[in-house]
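Comments concern the structure below.
The values are calculated or read from the model by the stated rules, or taken from the named source; none is laboratory data. In this text the structure is predicted, and so the values were computed from the model without any measurement. All Cβ positions, even for glycine, are placed from backbone atoms using ideal geometry, and neighbour counts span all protein chains on display.
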Amino acid sequence: MGGFLSSAVRSGIQHALDSIGLREVVGQSFDRVLARLVDELAPAGSTKEEAAARRATIEVLEFLYETVIGEDGDLSALEQMDQETVEEAVTRSVSGYIYNRWLDELGLSIEKGAVNEAVAVRLEREVKEYVELCVALELDGKSVIEIDWGGREGRRIIDRVYRDAYALLEVGS
């Protein structure tokens, strides 16, 4: 998501779409373009991590639709995003991915009987806020569009926040 948004802001939406192999979607319906974006940025997969990434991507694209793109579906509006909006979108993407992964673990804990329903509800609220805060702190002072999220630095940030959130699951049960 970060790479795509960075490309859209720096080089334009056409270049960003070209860079992920979606040149042909230009001029198609907005719904079709969004579906293809989700499929390309976070393809449906068989692992919990892939499912978490897909849910986070959908959530961020919904955020961008509501705050930047608008009802006319003009993706070129992404080219005009300011640094703050890009950072918010990337932060939401990273937080959403980590939280969605954590939710999967919470579900397993419930199934195993390690966490009861009341604790699960409390943890859901607390951990969502905790993950958002931790990601914001990790990214404070960093240029989120410069981070290679598939590389070492991005993995380090994600893994650290996920481990901290997972530890809350162990403490909360």
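Here are a few things to note about the model shown:
- Filter pass, ILE58 being over 21 Å from LEU103 (Cα atoms) and either surrounded by fewer than 17 Cβ atoms within 10 Å (Cβ to Cβ) or not polar (S, T, N, Q) (or both): no
- Selection count where residues are outside any helix (DSSP H, G or I) and under 12 Å from LEU75 (Cα atoms), scope the range 12-29: 5
- Test: residue in the range 138-154 that is loosely packed, with under 12 Cβ neighbours inside 10 Å and within 21 Å of ALA167 (Cβ to Cβ): no
- Scanning the range 68-118 for residues that are over 25 Å from LEU41 (Cβ atoms), at pLDDT 90 or above and β-branched (Val, Ile, Thr) gives a single hit, ILE110.
- The condition (being in contact with a helix residue (DSSP H, G or I) (Cβ under 7 Å, 6 or more places away or on another chain), assigned to a helix (DSSP H, G or I) and either within 24 Å of VAL127 (Cα to Cα) or not hydrophobic (A, V, I, L, M, F, W, C) (or both)) is satisfied by just one residue among VAL68, VAL86, VAL9, VAL38: VAL86.
- The residues of the range 1-38 that are acidic (Asp, Glu) and more than 20 Å from GLU66 (Cα to Cα), listed by number, are ASP18, GLU24.
Yes/no per residue for (1) surrounded by 15 or more Cβ atoms within 10 Å (Cβ to Cβ); (2) free of Cβ contacts under 8 Å to residues at least 60 places away in the same chain; (3) on the phi < 0 side of the Ramachandran plot; (4) of a type in the set (Val, Ile, Thr):
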residue	(1), (2), (3), (4)
SER29	no, yes, yes, no
LEU41	yes, yes, yes, no
LEU64	yes, yes, yes, no
THR67	no, yes, yes, yes
GLU71	no, yes, yes, no
LEU75	yes, no, yes, no
ALA89	yes, no, yes, no
ARG92	yes, yes, yes, no
LEU106	yes, no, yes, no
